[in-house]
Amino acid sequence: MDSTAKPRLTVVSGLSGSGKTVALRTLEDLDYYCVDNLPAELLTAFVESAAREAAGRKRLAVGIDVRNLASDLSRIGQWLSAVGALGYDHRLVYFDTRDDVLVKRYSETRRRHPLSHGGLALSDAIALERERLAPLRALADQVIDTSDLNVHQLRKVVLNELEAGQKPGLSLLFESFAYRRGVPGDADFVFDARCLPNPHWDARLRPLSGRDAAVREYLDEQDSVREYVDQVTAFLDSWLPRFESETRSYVTVAFGCTGGRHRSVYLAEKLAQHCRAMGREDVLTFHRELE
């Protein structure tokens, strides 16, 4: 970023399940300092704190959504004005999605809607969320409809529309899943990890996931796992460049195991780490059974 450019705050808001997390992670990859679920009343204080730092953080992004108090959401305009007075350019980007798509996404991930407390039906929770977020949508500098976007396409939208096309090229998604819940429909390559030693049978490791150090160490020590990783790595190193030469925009590589918590998560993270080490910049991970 140009050192003479004016500092910027991007507020990411929108409906739960619309892709806000992907947007924040993308901005974080572009060296934004990101905070999710910031209490709206702390917005000005957050920017003041960043401005005081010796390094002088120039690119900030915060996620503000329905988890905030409704009374605070109605005052967003006031707080953004205060941010402007601190010398920061600011923009509010609102992510929207059709109700039927949101219902499908919640069904696939089995996550609870943040407003589905007290027995509130999902459709009613979504309607209430739209009502509470109306002040933010009205103030939005940009509204992005993610109804027909997958995670790769959404990331491209953030890169192209919010950051002028930074980091173009092949977008890679390494996804983990449980076979008992079906194979992801958008996977280009699917690798079955059920043949590998299963940390589930170790009572110490069972509550953990493939993201945890103890599980990684256990799998790293297995000869069969090392052989599996080496062969899959060689396969991807050989074939991914050919997808790029065909001007392919994105590729999804999925790893499946029985529960979708240990082996598949470990492998997705392992291969993503390898691709980043090889210089690929647009690399994402998604763990269906954990997120």
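Every number in this text was worked out from the coordinates using simple rules, so none of it is lab data. What you see is a predicted model; the values in this text were computed from it and never measured. FYI the Cβ positions are ideal-geometry reconstructions off the backbone, even for glycines, and counts take in every protein chain you see.
Below are the figures for this structure:
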{"read-out": "Net lengthening on full extension, L122/S81 (0.36 nm per residue, minus Cα-Cα)", "value": "11.3 nm"}
{"read-out": "For H90, H117, order by how many other beta-carbon atoms lie within 10 Å, fewest first", "value": "H117, H90"}
{"read-out": "Cleavage-rule hits (GluC sites (Glu not before Pro)) in region 179-229: DSSP loop, at most 13 neighbouring Cβ within 10 angstrom", "value": "E221"}
{"read-out": "Cα-based equivalent ellipsoid, region 171-287: semi-axes from gyration tensor eigenvalues, Å", "value": "24, 15, 12"}
{"read-out": "Residues F235, F46, sorted so that the one with the fewest Cβ neighbours within 10 Å comes first", "value": "F235, F46"}
{"read-out": "Ranked W79, W201, W239, criterion: other C-beta atoms within 10 Å, fewest first", "value": "W201, W239, W79"}
{"read-out": "Region 198-262: mean projected area of Cα convex hull, nm²", "value": "5.3"}
{"read-out": "Rough spin-label spacing in nm, given labels placed 7 Å along Cα→Cβ, for D89 and Y33", "value": "1.9"}
{"read-out": "Helix-only CD estimate at 222 nm, as mean residue ellipticity for the chain, using -39500 (n - 2.57) per DSSP H run (n ≥ 4)", "value": "-12500 deg cm²/dmol"}
{"read-out": "Other-chain or far-sequence residues with amide H under 5 Å of D202's (modelled H)", "value": "none"}
{"read-out": "Rounded Å value of the spacing that divides the Cα centres of region 102-173 and region 65-85", "value": "19"}
{"read-out": "Extension gain, E281 back to R226 (0.36 nm per residue minus Cα-Cα distance, nm)", "value": "17.3 nm"}
{"read-out": "The chain - Debye-derived log10 I(q)/I(0), Cα point model, q = 0.11, 0.12 Å⁻¹", "value": "-0.75, -0.88"}
{"read-out": "Reduced Cα scattering model of region 52-128, Debye log10 I(q)/I(0), q = 0.16, 0.21, 0.26 Å⁻¹", "value": "-0.79, -1.04, -1.33"}
{"read-out": "Computed FRET value (nearest 0.05) for D188 with A213, which takes r as the C-beta separation and R₀ as 30 Å", "value": "0.50"}
{"read-out": "Cα-derived Rg to Rh of region 8-162, Kirkwood definition", "value": "0.97"}
{"read-out": "Summed side-chain charge close to A138 - residues other than A138 whose Cβ falls under 14 Å, Lys, Arg +1, Asp, Glu -1", "value": "+1"}
